[in-house]
There are 6 protein chains.
Amino acid sequence: MRATVSRKAHFNAAHRLYRKDWSMDKNELIFGKCNNPNFHGHNYELIVSVTGEIDKETGFVIDVKILADLIKEHIEEAFDHKNLNVDVEEFQDLNPTAENIAVVIWNKLRPLISSDKELEVVLYETPRNFVTYKGE
Amino acid sequence: MRATVSRKAHFNAAHRLYRKDWSMDKNELIFGKCNNPNFHGHNYELIVSVTGEIDKETGFVIDVKILADLIKEHIEEAFDHKNLNVDVEEFQDLNPTAENIAVVIWNKLRPLISSDKELEVVLYETPRNFVTYKGE
Amino acid sequence: MRATVSRKAHFNAAHRLYRKDWSMDKNELIFGKCNNPNFHGHNYELIVSVTGEIDKETGFVIDVKILADLIKEHIEEAFDHKNLNVDVEEFQDLNPTAENIAVVIWNKLRPLISSDKELEVVLYETPRNFVTYKGE
Amino acid sequence: MRATVSRKAHFNAAHRLYRKDWSMDKNELIFGKCNNPNFHGHNYELIVSVTGEIDKETGFVIDVKILADLIKEHIEEAFDHKNLNVDVEEFQDLNPTAENIAVVIWNKLRPLISSDKELEVVLYETPRNFVTYKGE
Amino acid sequence: MRATVSRKAHFNAAHRLYRKDWSMDKNELIFGKCNNPNFHGHNYELIVSVTGEIDKETGFVIDVKILADLIKEHIEEAFDHKNLNVDVEEFQDLNPTAENIAVVIWNKLRPLISSDKELEVVLYETPRNFVTYKGE
Amino acid sequence: MRATVSRKAHFNAAHRLYRKDWSMDKNELIFGKCNNPNFHGHNYELIVSVTGEIDKETGFVIDVKILADLIKEHIEEAFDHKNLNVDVEEFQDLNPTAENIAVVIWNKLRPLISSDKELEVVLYETPRNFVTYKGE
């Protein structure tokens, strides 16, 4: 029997949509007010889902306490109260769109979850805008 | 890398579940209080999701501002503060169940999203009742 | 010791903002798209709060089951799946703005709650618009 | 045309994570504070989703009123205000993890939904922890 | 300038509404299914609000981090994953209704907040039932 | 008859808790990770409430459309996608704590609401931290 276990977490961060290799005009045209050079920010809400067999002994796919701790150590501590563009290594040359942040989170968590389990990341940039990434 | 971008929107509308070609008794039997001839209404919440490749240049699957504008122009302006049965062409001969409203929304948006991307519509009729349609 | 007990409920209804004694032009000017003659609708969310002494025996200000039943019998059954303007007696000559609906709900519940207790009604017309009435 | 109809419901219950065939030490090690012998509890939120063809006559995949009544009769009445470990037959020898509760709910509902339709259960143990089971 | 700072927290607990000095029949009559001798449970959501002058230096009424830590140490650690009736001293002879739990929380926090500030506790027993206590 | 009309709005902004006239060590000690020199950010949720007489003609305390437009023009356009410390005049010499942001919003809106009406501002910095200011 396969089930999915999901855990919500959150972090607050500043960011700016911007490519160093584009002119300011092009950044402005494509990213609009999200390109404010002084940054803006969000309360990011994160849902991490792990799919696999339910262990017959424990009744767990994964102990949600362990999953919560992994998210806390590897994602929340790395991103919370940070400026994604300035403070976070992965975004030095990667535009921190919601899509790219979700991919970075997935890539950070994937090696930490046993390989017989599937991983999905949903990232809410605002309550009305969110993205989903499954490593496809 | 493929991801899904989702956008929430909302519209407030009146409707009635009812088939012109059925007797009032049959409408009453099948649709119950949803068949009130004087209509009732809902705050519909809508989630539109677009799945496709993340563009390497922009970091976007689709610019969520463009997606929000498409939903505003084609769905919110057409349905908001309307009586679905009376004011909206698509429901002149189609019962406005949540399922059928979701199909109509999907059909209106599908030509506006590039064909290499998948489209999904989730429509909340109330916070406790919702439907999902993917064009299958 | 005084405390407040609050109970959430909901009903789905159609309505139209409109005064019979005004011209269509004036209704249009003041009420805009809320004046659609064919009606629109909402999922109204209601919070009823009762403030009074905590009964030493039961530990209740009011048994929330009794409060929930009062709301169900007197408000939900009267308003749910109704057209407020057409089907509900209280709005035959009263414009069903959120303010006026809250007042009507308060007036219906006030005689049913013992007079040593205070009553407050909060009515959400949408998740972003709501009103509060305390009988003042 | 295939769509999914989803219905939210809820029940409040006590439980304890615990295996009779393990020592107290092992239960403590694996289940931590969830193994409190005196129990703790949750407001479980449940989303039941049914996927199938939209009926051309009614515009329904399944009448959501019928789905709500099935959930009420078979799940809410069986689990609400109960101690899952003590009062509910299915958990006499099954650890009531969120995963196992979701499987039990799915197994109870599956025979009640026509076999040409797919069934999915999402169970929120808390607003931050939830599981999904589709009978796979 | 006076403002109110509010902090949300949560704990999961089992409880039973019951008075030792009443017969089982009377407990049953007054408390209904909340009197299940095997307990049931809730995800309690708590909002603690502190009202006072905004400090000119810091711009804080109270540092919300300090408030969060007080709630964590004195309320969450005392109540989370506990059976309120069995494990918590304050409810050995006090019926753990939402009203009484709110009073106990207020009494535990009041000495920890400086006396020139007002304190209010809102406790959600479920998303639809909640109580407010201000020490009046 | 007096009622309160409330409107929710939101803006996304970067900020940093920091006093220019304090040393970096003192800023660090008092404001902790909120003092990140590279900024962090939030999705601020705002509830503006106006209390006054219900106009007998319109059934409105204030037309919520007018209230929404005032918030959009004077608050959302001034703060959304901005760095509060850098881009917003009011915070050049005022620490942008939630308390101070609420006071600034109240001061900006107060002259725009007729003086016979009361005004209250609730500002959510995160879903778990919020402040209330009424001009007292």
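The values are calculated or read from the model by the stated rules, or taken from the named source; none is laboratory data. Since the model is a prediction, treat every value here as computed from it, not as a measurement. Cβ: placed from backbone, ideal geometry, glycine included. Neighbour counts: every protein chain shown. Surface areas here come from the heavy atoms of the whole protein model, side chains and all, with no ligands, DNA or RNA. Shrake-Rupley method; radii C 1.70, N 1.55, O 1.52, S 1.80 Å.
For the pairing of chain C with chain F, what total accessible surface becomes buried, with a 1.4 angstrom probe, in square angstrom to the nearest 100?
Details: alone 8300 and 8300 Å², together 14910 Å².
Answer for the C-F pair: about 1700 Å² buried.
Considering only the label points, 7 Å along Cα→Cβ from Cα, what distances in nm to one decimal separate D:Ser23 from the same position in each other copy, shortest first?
4.8, 5.5, 7.4, 7.4, 9.0
Indicate the residues belonging to segment F:1-50 that lose 50 Å² or more of solvent-accessible heavy-atom surface (probe 1.4 Å) upon moving from the chain alone to the assembly of all protein chains, ignoring ligands and nucleic acids.
Residues losing area: F:Met1, F:Arg2, F:Thr4, F:Ser6, F:Arg7, F:Lys8, F:Lys33, F:Asn38, F:His40, F:Asn43.
Considering chain E as a Gaussian network with a 10 Å cut-off on Cα pairs, which listed residue, E:Gly41, E:Gly59, E:Gly32, attains the greatest mean-square fluctuation?
E:Gly59
For segment A:59-136 and segment C:1-80, what is the separation of their Cα centres, given in Å?
The distance from the Cα centre of segment A:59-136 to that of segment C:1-80 comes to 41 Å.
Just how large is the dipole of segment A:2-133 about the Cα centre, in debye to the nearest 20, putting +1 at every Lys and Arg Cβ and -1 at every Asp and Glu Cβ? Walk me through the numbers before you get to the answer.
Values: 16 positive and 22 negative charges, 71 e Å.
My answer is approximately 340 debye.
Of the heavy-atom accessible surface of segment A:2-133 (probe 1.4 angstrom), what whole percent is carbon and sulfur?
Numbers: 2750 of 5350 Å².
Reported share for carbon and sulfur atoms: 51 percent.
Tell me, in nm to one decimal, what length is gained between B:Glu89 and B:Glu53 on full extension, where the rule is 0.36 nm per residue of separation less the Cα-Cα distance? Before the final figure, lay out the partial values.
Details: separation 36, 0.36 × 36 = 12.96 nm, distance 3.46 nm.
Value of the extension gain: 9.5 nm.
Karplus couplings for segment F:77-93 from phi (6.51 cos²θ - 1.76 cosθ + 1.60, θ = phi - 60°), rounded to Hz, Gly and Pro as x?
5, 7, 10, 5, 6, 10, 9, 4, 5, 9, 8, 10, 3, 4, 9, 4, 10
Which shape class applies to the protein assembly as shown: rounded if a/c is under 1.5, otherwise prolate when a/b exceeds b/c and oblate if not, where a ≥ b ≥ c are the square roots of the Cα gyration tensor eigenvalues? Write down the numbers at each step before the final one.
Details: a/c = 1.06, a/b = 1.00, b/c = 1.06.
In terms of gyration-tensor shape, rounded.
Go through segment E:11-22 residue by residue and turn each phi into a ³J(HN,Hα) via Karplus (6.51, -1.76, 1.60, θ = phi - 60°); whole Hz please, and just put x for glycine and proline.
8, 10, 8, 9, 7, 8, 8, 5, 10, 4, 8, 10
Work out from phi, with θ = phi - 60° and the Karplus expression 6.51 cos²θ - 1.76 cosθ + 1.60, the ³J(HN,Hα) of each residue of segment F:117-132, listed in order in whole Hz, and give x for Gly and Pro.
For segment F:117-132, the Karplus curve yields 10, 8, 10, 9, 10, 10, 10, 8, 7, 9, x, 10, 10, 8, 10, 10 Hz.
Please name which of F:Leu29, F:Ala13, F:Leu123 has its Cα lying farthest along the dipole of segment F:2-133 towards the positive end, using unit charges on Cβ (Lys, Arg +1; Asp, Glu -1) and the Cα centre as origin.
After comparing all options, I get F:Leu29.
Taking a label point 7 Å out from Cα toward Cβ, give me the nm distances from D:Asp69 to the same spot in the other copies, shortest first, one decimal.
Inter-copy label distances (nm, one decimal, shortest first): 2.3, 4.9, 4.9, 4.9, 5.7.
Run the count for segment D:2-133, please: Lys pairs, Cα-Cα under 27 angstrom, 8 or more apart or on different chains.
Lysine pair count for segment D:2-133: 21.
Report the residue of chain C with the smallest Cβ-to-axis distance, using the rotation axis that brings C onto B, in whole Å.
C:Gly41, 0
Using 0.36 nm times the number of residues separating E:Glu118 and E:Lys72, minus their current alpha carbon distance, what extension gain do you get?
On the way: separation 46, 0.36 × 46 = 16.56 nm, distance 1.95 nm.
Stretched out fully, the E:Glu118 to E:Lys72 stretch lengthens by 14.6 nm.
Taking the Cα centre of the protein assembly as shown as origin and charging only Cβ (+1 Lys, Arg; -1 Asp, Glu), how large is the dipole, in debye to the nearest 20?
Numbers: 102 positive and 138 negative charges, 0 e Å.
Dipole size: approximately 0 debye.
Over the protein assembly as shown, with the other protein chains present, what is the accessible area per residue in square angstrom, probe 1.4 angstrom? Present the calculation step by step, with values, prior to reporting the outcome.
Working: 34320 Å² over 816 residues.
Here the per-residue accessible area is 42 Å².
Which of the listed residues, A:Asn38, A:Gly59, A:Val48, is farthest toward the dipole's positive end in segment A:1-59, when Lys, Arg count +1 and Asp, Glu count -1 at the beta-carbon?
It is A:Asn38, whose Cα lies furthest towards the positive end.
With springs only between Cα atoms under 10 Å apart, run a GNM on chain A and tell me which of A:Lys56, A:Lys82, A:Lys108 wobbles the most.
A:Lys56
Which distances, in nm and shortest first, link the E:Met1 label point to the same label point in every other copy, taking 7 Å along Cα→Cβ?
Result for E:Met1, in nm, nearest copy first: 3.6, 3.6, 4.3, 5.4, 5.7.
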